[in-house]
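The values are calculated or read from the model by the stated rules, or taken from the named source; none is laboratory data. What you are looking at is a predicted structure, and each value in this text was computed from that prediction instead of being measured. Glycine gets a Cβ as well: all are built from the backbone with ideal geometry, and neighbour counts include every protein chain shown.
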Amino acid sequence: MAIDLGQLVVFLVITAKERMVDILLIFLTLFAPVLLVALSKWQNSLNTWYVPLTQDSTVYFSGNLQKDVLALPEVKTRNGITLFFIADKDCPCTKASFTILKTNMQNSQQKRLQLVTIDIHADSTQSPAWQKVLKQIPATPSLLVMDHQRLVYAGPVTAGNMCTTSVLKILGLSLLQAKPQQPVMNWLEQGCYCPLNQLVK
């Protein structure tokens, strides 16, 4: 009985593919739980308190913050409503926070918003004026909202789980509608933040 070489090759290829699929299924069955745990740990590592609950929150956002912010050269030269986005370019939360902030600014009823991005590693932030401000901020990405020469908000850019799309709010923008008489120093939020105290001199 003659063997059709073409049929034999097809048979071997199909058999090899079936074995590969079986091996892949076994691999996924064994390692899927491990991958899920690793993904969960990564997600939880990005879901933190802006000020860790183990720290004394009164250390941050002292009564001097508004005075120190007003002393910044970048603030002195600004009029109108300015949002200062303070971030660590190496923080995995920065890009997502910036994108969400820009989108919310575009959809905001408050018009003529100015956005200034401050990289904590930039030479300008090494000045004494900026160091005073950064020492009063626990984590990045942070937002300072100025209405002319008045501090409206200081705190995290966003609250909510940055590993998904379930961002709850951008308090700094919503406060512009409320027009609070005193600056809102917001430290009790949970989301995607990178501690700043280890980075500041």
Being touching a strand residue (DSSP E or B) at 6+ places or on another chain (Cβ under 8 Å) and either of a type in the set (D, E) or at pLDDT below 75 (or both) is the filter here; which residues of the range 148-198 pass it? N161, M162, S166, V167, L168, K169, E189
Out of the range 50-71, which residues are surrounded by fewer than 19 Cβ atoms within 10 Å (Cβ to Cβ), of a type in the set (A, V, I, L, M) and part of a helix (DSSP H, G or I)? V59, L70
Residue list for the range 114-146, filter: in contact with a helix residue (DSSP H, G or I) (Cβ under 7 Å, 6 or more places away or on another chain), outside any helix (DSSP H, G or I) and either touching a residue at least 60 places away in the same chain (Cβ under 8 Å) or more than 23 Å from E189 (Cβ to Cβ) (or both): I120, Q136, L143, L144, V145, M146
